[in-house]
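Below is one structure, written out as structure tokens; comments come after it.
Readers should treat all values here as calculations from the given coordinates under stated rules, not as data from a laboratory. The structure displayed is predicted, hence computed values, not measured ones. When we count neighbours, we look across all protein chains shown, and the Cβ atoms used for this are built from the backbone with ideal geometry, even at glycine.
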Protein chains: 2
Amino acid sequence: MTRGGSIVRDTVRKLQQVLRTQQVDVAIFGRPENVAYVTGIAPEGPEWAGVAMAGGPMTAVLFAETADSGELILANTEEWIVGQRELHVLRKLYPAFSNDHAYDPQKQYIDALTKEVNRLLSRSVRIGIDDGVPHMVVESLRRRGVDGLVNITEVAARCRRIKTPSEIALIRECARINDIGQQACRSFAKPGITELELWHHVVQRMEDEVGARLTVSGELVSGPRTAKPNYPGGPTTRILQPADTVILDLSVRLSGYWTDTTNTLVLSASPSTSLITCFSAAKAAFEAVIKELGPGQTCADVEKVARQTLSGFGFLPQHYLGHQIGTTVNELPRLVSYDSSPIEPGMVFAIEPGAYEGEGGSFGARLEKNIVVTETGCEILSNFPWGLDPASK
Amino acid sequence: MTRGGSIVRDTVRKLQQVLRTQQVDVAIFGRPENVAYVTGIAPEGPEWAGVAMAGGPMTAVLFAETADSGELILANTEEWIVGQRELHVLRKLYPAFSNDHAYDPQKQYIDALTKEVNRLLSRSVRIGIDDGVPHMVVESLRRRGVDGLVNITEVAARCRRIKTPSEIALIRECARINDIGQQACRSFAKPGITELELWHHVVQRMEDEVGARLTVSGELVSGPRTAKPNYPGGPTTRILQPADTVILDLSVRLSGYWTDTTNTLVLSASPSTSLITCFSAAKAAFEAVIKELGPGQTCADVEKVARQTLSGFGFLPQHYLGHQIGTTVNELPRLVSYDSSPIEPGMVFAIEPGAYEGEGGSFGARLEKNIVVTETGCEILSNFPWGLDPASK
């Protein structure tokens, strides 16, 4: 999935400004979230995860000098990259695999990279790299006499914290797709089907809407497994039972940007008092946060609101209140008591309070929607109805 | 997904032997395929692909001295790792995220890593690293006076070339699951459904069999898009038409090991002569290769057999004949004319000859199954029937 060129230019321009303030002239990015940010290319699937196929690693090289001095992607010749939709960025591809004659992909990669960097090495240049740049790249630069590499991991992460309007538009569209997945879960959650079958309905509905495969992550658990906040491994072949609870934690990536939501459903027509207490506590915490959250606060301020609300129902927070999303599904700052980062317009958070019966219990509720911070407060991007809300049944 | 402990020990012991021949005492692996090889842990999904969540990068540290001196995984405290099934390897986890107090994940990671390495630094130790180890790790080791790091990327890749019996057993089981996906495609491929709907049947059948989500990659294309060998972007919402051809290229990972197969189906009851020619050429090439392939040959020898067979039908190879599979979906050696690597027992290949009408055409056939090289030849691991074979209809 790629973003359109104008949106790439949007984030590239912003990053160029930041790099100029650091006196960095050339930036090399290796971390997938930074490559996605600069290029709009978000590789699909673990088979691309740093695993060399035909070519070398995928990095993005960004020249910070002027907005027009050239934004460069350095990638390999794999068809999935060549076949990407047009990007308004200069792309340099290097030959790395052929059916008919041999290339050394690592050498091709380093040669292509240094050729571009050499264009600037005739004068004094500061090169920034992020933590994901392979060490062979760093070694190669050093062998060519490049010293004083600047670690720009933190600078890039800070730049990514405040989303641009075009990034927010992409996340908004992704939230719409995520809504469709959550609504499919409500529609198809019935006693007799397995967690896996339910999961397939969720994925299929979203992919049908988009007309393509999506990168989907998350968990779907039912029954007693929902009682505690840690439930790795779902969905399974467990068959949904009458009166079961079902929690769907659904993360979806569209055009390189993630959304991440959770809903708690109950298959029973008359939920128990305990169920309603957990749900009410999570919902009250969510609503209290949404009401308070806005510029001028810190992450810790926001977390405190949720903590106080949950404790009013007799619950302690079992996990964090939330985290930012963007080109990763989970990025800083997180909504935790020890993070004093300011809440600023353009931040996009997943807010996810939960209340759980705990060890020996049979129920828990986690509610998660995505919000964007505005000038005056926040706007909820997720529009699916909560599963236990009588009004939304 | 993880492998059982005995299987991890199998690959670990083999790698330890290789490292000893290189006088390497400690090996640090960062490439996902090597981490999976040493630990049995194969992270799911692109959201884990080098993206820092709670912790630092996942690396595996292997001590080469003796088989019992300690096999170590260094990872973070993310629940999906903690929740993995028991591994017969020593696991060192470091605290990296808490809801209540702050950690510096990078520092925790480096501290935990160097603590383990320091145990051996009191005497002369050679440390090997692969290309995927983050450069911050290398810098940190250098600051602690560690010099002469040995690049063991190639050594590890060579060790992984010949699969152990337990690895072959895992790939065999994965091939069985892949068969179920290919058979689902045959069963559900009907005019009127979309490529995406067909894809969902394929994935659902395989996941139902396993009882869990699988890492699945590949492509499903239909109609004129099959005429050329490059078809990125499928499956789409294209509706299958009567007489359509359908190509499913299906890659599945189970317990950290991949299989990769392709079948070509035709929805028409009476395929055209041109269709049958393409299919017959691909099938003849596949069968000629299977008949010849065995120890004593080189990759180039095997490729030549396919090339000659295809040319007998008037086709030129449009892509490579195949590649090894293992902890990556595509690893060396590949079956290309310029690779003189010997074919050895224990290698596992995806053999994938194809014949295509080409530009302006409306049909192509690609046939791909996985084989393991034996002492006397090869054994086909994939058991699904070819789509155009009259006998298998």
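Brief remarks follow.
- Centroid-to-centroid separation of the range B:256-318 and the range A:127-174 [C-alpha atoms, Å]: 44
- Each Lys or Arg adds one and each Asp or Glu subtracts one; over the other residues with Cβ under 11 Å from the Cβ of A:D244, this totals +2.
- Counted by neighbouring Cβ atoms within 10 Å, the residues A:D10, B:D111 run from fewest to most as B:D111, A:D10.
- Local charge for B:T376 was computed over the other residues whose Cβ lies under 13 Å away, with Lys and Arg +1 and Asp and Glu -1, and equals -3.
- The Rg/Rh ratio for the range A:165-392, using Cα coordinates for both the radius of gyration and the Kirkwood hydrodynamic radius, is 0.95.
- Gyration tensor verdict on the range B:268-372 (Cα atoms; rounded if a/c is under 1.5, prolate if a/b is larger than b/c, oblate otherwise): prolate
- For the range A:292-303, 3J(HN,Hα) per residue [Karplus equation, 6.51 cos²θ - 1.76 cosθ + 1.60, θ = phi - 60°, Hz, x = Gly/Pro]: 8, 5, x, x, x, 8, 10, 4, 5, 4, 5, 4
- Dipole-positive endmost among B:Q318, B:C174, B:G377 within the range B:165-392 (Cβ charges, Cα centre): B:Q318
- Each Lys and Arg contributes +1 and each Asp and Glu -1, all at the Cβ; summed about the Cα centre of the range A:285-362, the dipole is approximately 100 debye.
- Here r is the Cβ-Cβ distance between B:S362 and A:E139 and R0 is 60 Å; the resulting FRET efficiency, rounded to 0.05, is 0.75.
- For the range A:234-315, a simple Cβ point-charge model (Lys and Arg +1, Asp and Glu -1, everything else neutral) yields a dipole of about 80 debye relative to the Cα centre.
- Residue-count net charge about B:P224 - beta-carbon cut-off 14 Å; Lys, Arg +1, Asp, Glu -1: -1
- Under 5 Å between amide hydrogens, built in the peptide plane, is the criterion, and for B:K163 it picks out B:M347, B:V348 among residues at least 5 positions away or on other chains.
- Cα-centred dipole magnitude for the range A:237-393, charges only on beta-carbon of K, R (+1) and D, E (-1), debye, nearest 20: 300
- Links that overshoot a 26 Å alpha carbon limit, given the list A:K163/A:K369; A:K228/B:K107; A:K283/B:K107; B:K190/B:K304: A:K228/B:K107; A:K283/B:K107; B:K190/B:K304
- Ascending count of other beta-carbon atoms within 10 Å, so fewest first, for A:K369, B:K107: B:K107, A:K369
- Ranked A:V133, B:V210, B:V336, criterion: other C-beta atoms within 10 Å, fewest first: B:V210, B:V336, A:V133
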